[in-house]
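The values are calculated or read from the model by the stated rules, or taken from the named source; none is laboratory data. This is a predicted model, so every value here is computed, not measured. Counting neighbours? That spans all protein chains shown, and the Cβs are built from the backbone with ideal geometry, glycine included.
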Amino acid sequence: LGKQIFSSDRMYANTPVGVVMGLAWTAMGGSSLYIETSKRNIRSEKPEPGTGALHLTGNLGDVMKESAQIALTVARNFLHHREPNNTFLEQEHIHLHVPEGATPKDGPSAGITIITALISLATGKPVRQDVAMTGEVSLKSKVLPVGGIKEKAIAARRSGVTCLILPVDNKKDFEELPNFITDGLEVHFAGTYDDVYKIAFSDTATTASSSTG
Amino acid sequence: LGKQIFSSDRMYANTPVGVVMGLAWTAMGGSSLYIETSKRNIRSEKPEPGTGALHLTGNLGDVMKESAQIALTVARNFLHHREPNNTFLEQEHIHLHVPEGATPKDGPSAGITIITALISLATGKPVRQDVAMTGEVSLKSKVLPVGGIKEKAIAARRSGVTCLILPVDNKKDFEELPNFITDGLEVHFAGTYDDVYKIAFSDTATTASSSTG
Amino acid sequence: LGKQIFSSDRMYANTPVGVVMGLAWTAMGGSSLYIETSKRNIRSEKPEPGTGALHLTGNLGDVMKESAQIALTVARNFLHHREPNNTFLEQEHIHLHVPEGATPKDGPSAGITIITALISLATGKPVRQDVAMTGEVSLKSKVLPVGGIKEKAIAARRSGVTCLILPVDNKKDFEELPNFITDGLEVHFAGTYDDVYKIAFSDTATTASSSTG
């Protein structure tokens with residue numbers, strides 16, 4: 001019955017460009033959340049490179065605000081290597097919001113989710129549907145472990161997620177989970193943001209390695 | 001008798017361009033409030049796109065201030081798609097105020113009301129008279145549920161509102177209200193801001209589907 | 001004897017351009033106060049429209065600071081309609097002070113007084129002498145009711161005021177006052193700022209409608 005409350009906590013049936021599902025965790029349990037991004041100055045024509053900025057809303061704490069700045073730097077570098085002509089993240093003013101506005105949110109664990117949302121917005125490609133992810137990121141794009149793996153896995157299932165991306169150093173935590181949580185969840189463990197990118201923007205599940213938790 | 005106090009809580013007999021009635025809710029009950037918007041720099045000639053800003057007053061808490069920033073991004077995107085040549089929201093400095101100035105206000109539930117006020121100001125079209133609305137909005141223009149539906153519906157009636165716009169996920173809450181509250185109230189449930197726009201800027205009630213609460 | 005203390009609370013025998021008498025109210029009683037305005041950057045020649053700003057002093061609380069910002073937007077719009085070539089309020093940096101500096105002041109009820117001081121400064125016209133006013137203003141120039149009408153009326157008389165401008169929704173409060181307070185006080189009730197302007201800048205009392213409290 002308690003779970004029924006959360007069964008509708010999925011805002012998007014399909015995540016559009018610029019939107020990625022993350023996972024949060026408090027003493028009250030886990031929940032899914034969305035990172036949403038949009039251009040803020042829609043028609044700014046050819047702004048100067050280096051003028052882009054990130055406008056943050058969603059009742060974010062200081063650590064999460066810093067996490068978004070780290071994600072922006074990592075996403076810019078990642079995109080620069082992958083698509084040298086794509087200057088979106090360096091020029092545009094981007095608004096990043098995390099619904100719902102009244103709920104305070106903090107912590108670094110949305111790092112890879114924020115990078116992915118920014119890259120989706122910059123490239124115009126939506127992420128794979130039914131994917132959720134959690135992981136802190138370092139400035140050099142290392143994916144660092146986070147807390148609440150059990151609660152987050154449960155929240156992912158409740159939200160209809162079928163593909164989960166976790167930090168490689170959380171593999172142990174995931175493997176300790178009982179089968180009734182992990183059955184049917186395709187899980188991927190990421191050591192760097194490259195690993196996240198490959199899964200999040202794969203069109204099919206051909207790169208998937210199913211969990212054998 | 002208690003209700004008599006509130007019978008004069010309607011500031012505008014007719015809402016002018018840039019003004020929309022919202023609904024607030026506290027432990028003390030519901031009340032109507034107005035979102036008012038005006039150009040702040042009246043004669044700024046052809047400012048650069050991307051320079052527009054939002055100046056906020058009305059004793060607003062942090063969540064409501066963020067809500068206004070979200071509303072600005074959503075309104076810019078909405079207007080860009082609907083009226084590509086209308087650059088008002090991207091160029092002008094806009095002042096948004098929520099009377100009365102001494103009353104603290106907070107929360108995300110004025111999201112759709114603020115978007116509507118901004119679009120009214122930008123297009124020069126007033127909203128349909130006797131409409132009130134409440135709903136959080138996400139950056140991608142999803143309308144999210146809010147609290148206090150009963151108190152807000154009562155406040156709407158007291159203020160002479162005949163058309164109410166609510167989030168689709170609050171449909172259940174509205175349908176549980178007794179008839180003496182809902183009788184004569186035309187209600188619309190919105191899933192995205194598109195739904196709100198169609199009702200708020202409809203000239204006639206031809207698109208209306210009356211509540212059968 | 002107690003009243004004697006306040007008999008000297010009138011700073012100006014005649015209010016110069018840019019200065020208007022308002023009325024304040026605390027649990028200790030009412031008092032008159034002055035809104036003073038001046039150009040801050042005296043020699044700035046032809047600054048760009050849209051660059052004007054308001055510099056506030058006088059130990060003002062947050063609500064009163066916001067009230068001054070609202071007043072600036074309303075005054076700009078009002079002046080734009082009345083004197084389209086007068087760009088003073090949109091170009092000049094204006095300093096607004098409320099003596100005495102050691103006394104904390106707050107609340108929205110100086111709204112119409114601040115607008116009037118700004119318009120006086122911008123047009124170079126002093127207001128009618130012996131007028132005092134109180135009233136919150138909304139962004140669309142509606143005059144909203146305020147508290148402490150009795151205390152403010154007493155303070156106005158003590159300061160030698162003969163003409164009082166009050167919000168229309170305070171008419172009832174004023175009419176309940178005993179004759180010894182209202183006798184000889186010419187009173188005007190304002191619904192919008194237009195009503196205030198007509199009285200404040202009338203040279204004679206020909207437009208006056210005496211109180212019949």
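Tabulated values for the structure
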| read-out | value |
| --- | --- |
| B:ILE5 hydrophobic (A, V, I, L, M, F, W, C), at pLDDT below 85, crowded, with 20+ Cβ neighbours inside 10 Å and more than 18 Å from the chain's Cα centre (by Cα) | no |
| Of residues in segment B:90-117 being in a helix (DSSP H, G or I) and either more than 9 Å from chain A (Cβ to nearest Cβ) or modelled with pLDDT under 95 (or both), the one farthest from the chain's Cα centre (by Cα) | B:GLN91 |
| Top-ranked residue of segment A:118-136 - restricted to ones that are within 14 Å of chain B (Cβ to nearest Cβ), in a helix (DSSP H, G or I) and not hydroxyl-bearing (Ser, Thr, Tyr), ranked as farthest from A:THR192 (Cα to Cα) | A:LEU121 |
| One residue from A:LYS152, A:LYS105 being farther than 22 Å from A:SER38 by Cα and either among the basic types (Lys, Arg) or touching a Leu at 6+ places or on another chain (Cβ under 7 Å) (or both) | A:LYS152 |
| Residue list for segment B:62-88, filter: in contact with a helix residue (DSSP H, G or I) (Cβ under 7 Å, 6 or more places away or on another chain), hydrophobic (A, V, I, L, M, F, W, C), within 24 Å of C:ALA68 (Cα to Cα) and at the interface with chain A (Cβ under 9 Å from one of its Cβ atoms) | B:LEU72 |
| Near pairs, Cβ below 9 angstrom, 6+ apart or cross-chain, from segment B:50-61 (at the interface with chain A (Cβ under 10 Å from one of its Cβ atoms)) to any residue that is aliphatic (A, V, I, L, M) and outside any strand (DSSP E or B) | B:GLY50/A:ILE42; B:GLY52/B:LEU72; B:GLY52/B:LEU89 |
| Any pair with Cβ under 7 angstrom, 6 or more apart, that starts in segment B:175-191 at a residue that is more than 23 Å from B:THR116 (Cβ to Cβ) and ends at one that is surrounded by 13 or more Cβ atoms within 10 Å (Cβ to Cβ) | B:GLU175/B:GLY213; B:LEU177/B:LYS150; B:LEU177/B:ALA153; B:LEU177/B:GLY213; B:ASN179/B:GLY213; B:ILE181/B:ALA153; B:ILE181/B:ILE154; B:ILE181/B:ARG157 |
| Qualifying residue in segment C:140-150 (condition: more than 16 Å from the chain's Cα centre (by Cα), outside any strand (DSSP E or B), crowded, with 23+ Cβ neighbours inside 10 Å and not hydroxyl-bearing (Ser, Thr, Tyr)) | yes |
| Inter-residue pairs, beta-carbon under 7 Å, first farther than 17 Å from B:ARG40 by Cβ and touching a residue at least 40 places away in the same chain (Cβ under 8 Å) and in segment B:101-122, second surrounded by fewer than 24 Cβ atoms within 10 Å (Cβ to Cβ) and polar (S, T, N, Q), 6+ apart | B:ALA102/B:ASN59; B:THR103/B:ASN59; B:PRO104/B:ASN59; B:LYS105/B:ASN59 |
| Failed criterion for C:ILE154 (all others in (1) within 13 Å of the chain's Cα centre (by Cα); (2) more than 13 Å from chain B (Cβ to nearest Cβ) hold) | (1) |
| Within segment A:19-45, considering residues that are out of contact with any Gly (no Cβ under 8 Å at 6 or more places or on another chain) and closer than 15 Å to A:LEU72 by Cβ, the one farthest from the other protein chains (Cβ to nearest Cβ) | A:VAL20 |
| Answer residue from segment C:157-178, given it is part of a helix (DSSP H, G or I) and modelled with pLDDT of 95 or more and is surrounded by the fewest Cβ atoms within 10 Å (Cβ to Cβ) among those | C:LYS172 |
| Matching option when the condition is closer than 18 Å to B:THR134 by Cβ and either part of a loop (DSSP other than H, G, I, E, B) or not basic (Lys, Arg) (or both), among B:LEU72, B:LEU54, B:LEU33 | B:LEU33 |
| Which numbered condition B:GLY147 misses (of (1) free of Cβ contacts under 8 Å to residues at least 40 places away in the same chain; (2) within 10 Å of chain A (Cβ to nearest Cβ)) | (1) |
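Yes or no, residue by residue, for (1) of a type in the set (A, V, I, L, M, F, W, C); (2) surrounded by 18 or more Cβ atoms within 10 Å (Cβ to Cβ); (3) closer than 26 Å to A:ALA155 by Cα; (4) modelled with pLDDT under 95:
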{"residue": "A:SER31", "(1), (2), (3), (4)": "no, yes, yes, yes"}
{"residue": "A:GLU36", "(1), (2), (3), (4)": "no, yes, yes, no"}
{"residue": "A:ARG43", "(1), (2), (3), (4)": "no, no, no, yes"}
{"residue": "A:MET64", "(1), (2), (3), (4)": "yes, yes, yes, no"}
